[in-house]
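The values are calculated or read from the model by the stated rules, or taken from the named source; none is laboratory data. Given the structure is predicted, the values throughout are model-derived calculations rather than measurements. We place every Cβ from the backbone using ideal geometry, glycine too, and count neighbours over all the protein chains shown.
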Amino acid sequence: MEKVIEITNGVVEQKKVPVLKSISVELKQKEFVYLIGKTGTGKSSFLKMLYGDLPLIEGEGKVAGFDLNKLRKKEIPLLRRKIGIVFQDFQLLMDRSVMKNLLFVLKATGWKKKKLMENRALEVLRMVGLEEKSYRMPHELSGGEQQRIAIARALLNQPELILADEPTGNLDPETSEDIMQLLMAISKEGKTVLMATHDMNLVEKFPGRVLRVEDNQISEVGSLNDFNPFEVKF
C-alpha cells in the first residue's frame, strides 16, 4: 500500500514555540486513523502542518506526493487539491445555496466548464445522500446535513486524504454515528482518513488505528484490545 502521509522526526511550531517534537507518523491508502488528545496538545497544529498552513520546522515530511520540506507558497493550493478538509463548524458559506457552495470551491481550484462542475457537485451530493438538497440554503439544513455537505465539499477534487478536525463535535450522538459511518465508507472506497476527535465513544464503536497526542509527542496506541478509551481523561 502506498504511503499517503510520511513524517520522520518532525517538529511543528506555533508562534515560534514548538508544539510537537520528534513526530514520526505514517498513514497508508485506505487507512482510517484517529488522532486523540486533550485540547491544546497540538492535534489541530498537526493537521495544519499536513495541509500547509504551518511549516514543518525540522525533520522530513511527505503528504499526498508533496515534499513538505520543499513546499513553496504557490504549491500549497496544489497540495490542498489532494486533501479534503472537514471542520467541526462546517464552514459553509451561509449566503449561498449548497450547490453554489460546491461550485465556489470547484472554481477556486481551477475547474472551468460549468456543466462539468455541476455534474461533479451533484455526484458528491449523491455520495452523501443529499442530492435533493442542492438548492437549499445551509441554514435550512440540520447540523448533520450541513456536515454531510462539508464532507461532499471535501470530496470534490477526488482527494487522496481526508483530514477531519472534530467533525462530530457539534452534533448529537445519533447524528455523529451517521457521520462516522459515512467517513468509514469513504475510507473503504480508497481514501485515507485522519480524524481528530475527543469522542472516545466513537473510537470504541468504530475501531481504527489510534494516534495519541501527549507531552508534545504523537504515539501509536498499541491495540484497541489493550486500550480502554474511557480511561483517557479529557
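For this structure, a couple of remarks:
- Residue that is surrounded by the most Cβ atoms within 10 Å (Cβ to Cβ) [pool: residues in region 161-189 that are within 20 Å of Leu79 (Cβ to Cβ) and out of contact with any Gly (no Cβ under 8 Å at 6 or more places or on another chain)]: Ala164
- Taken over region 157-178, residues that are outside any loop (DSSP other than H, G, I, E, B) and farther than 25 Å from Met117 by Cα amount to 7.
- From the list Ala64, Ala108, the lone residue that is under 30 Å from Leu20 (Cα atoms) and either modelled with pLDDT under 90 or in contact with a Lys or Arg (Cβ under 8 Å, 6 or more places away or on another chain) (or both) is Ala64.
- Scanning region 38-61 for residues that are among the basic types (Lys, Arg) and over 12 Å from the mean Cα position of the chain (by Cα) yields one hit, Lys38.
- Residues within region 149-181 that are in contact (Cβ under 8 Å) with a residue 40 or more places away in the chain, under 15 Å from Met195 (Cβ atoms) and of a type in the set (Gly, Ala, Ser), tallied: 4
- Test for Lys70: is it within 17 Å of the chain's Cα centre (by Cα) and either within 23 Å of Lys107 (Cα to Cα) or surrounded by fewer than 19 Cβ atoms within 10 Å (Cβ to Cβ) (or both): no
- The residues on offer are Asp178, Asp199, and the sole one that is under 30 Å from Lys21 (Cβ atoms) and among the charged types (D, E, K, R) is Asp199.
- Residues in region 32-59 that are charged (D, E, K, R) and at pLDDT 90 or above: Lys43, Lys48, Asp53, Glu58.
- Within region 150-160, being hydrophobic (A, V, I, L, M, F, W, C), surrounded by 24 or more Cβ atoms within 10 Å (Cβ to Cβ) and over 26 Å from Lys38 (Cα atoms) holds for one residue alone: Ala152.
- Gln146 vs. criteria without any contact (Cβ under 8 Å) to a residue 60 or more places away in the chain, under 17 Å from the mean Cα position of the chain (by Cα) and in a loop (DSSP other than H, G, I, E, B): no
- In the set (1) assigned to a strand (DSSP E or B); (2) surrounded by fewer than 15 Cβ atoms within 10 Å (Cβ to Cβ); (3) not acidic (Asp, Glu), Val213 fails one condition alone, (2).
- Exclusive hit being touching an Asp or Glu at 6+ places or on another chain (Cβ under 8 Å), within 30 Å of Leu211 (Cα to Cα) and not β-branched (Val, Ile, Thr), set Gln146, Gln88, Gln158, Gln181: Gln88
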